[in-house]
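Step one of this worksheet: look at the structure below.
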Amino acid sequence: MAAKKRARTVRRKLERELTSLHDAREKLALLSEGGAPERPIVVPSASVIETRALSLGCARCEGELRIESHDAVGGLRRVRARCRACGAVREIWFDLASRLLS
């Protein structure tokens, strides 16, 4: 019969698994639309960028984001946001549809 595991051992194992899950979710967000300059989210105007960024939520824990900056970089828009719950930083890339049409 196997010995009962200590509560600390069980808790640490769960914490490692949760960290691994969060890391995988963050990698998936980097590969999805808006995760890199090569895959920006196309929006109709600059006025909707911050609203769209906030609606995405944190890639790690699905928490609420807080906008730290909104910059124009090489024709694209970059929003840097920080999660209010876990503190993770996320960069989300956008492109204006009007720029693509011209």
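We did not get these values from a lab; they are worked out from the coordinates using the rules stated. Because the structure is predicted, anything quoted here is derived from the model rather than measured. Here the Cβ is made from the backbone with ideal geometry for all residues, glycine too, and neighbour counts use every protein chain on show.
Numbers at a glance
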| item | result |
| --- | --- |
| Rounded to 10°, Cα long-axis angle of helix 7-31 versus longest principal axis of the chain | 20 degrees |
| Spacing of the two label points (7 Å from each Cα toward its C-beta) at Glu38 and Glu17, in nm | 3.4 nm |
| Net lengthening on full extension, Ser69/Val48 (0.36 nm per residue, minus Cα-Cα) | 6.1 nm |
| Dipole moment magnitude, nearest 20 debye, the chain about Cα centre, only Lys, Arg, Asp, Glu C-beta charged | 920 debye |
| Rounded, prolate or oblate (a/c below 1.5 giving rounded, otherwise prolate when a/b exceeds b/c) for the chain by Cα gyration tensor | prolate |
| Approximate spin-label separation Leu76-Ser55, in nm, with each point projected 7 Å along Cα-to-Cβ | 2.1 nm |
| For Arg39, distant residues with modelled amide H under 5 Å away | Gly34 |
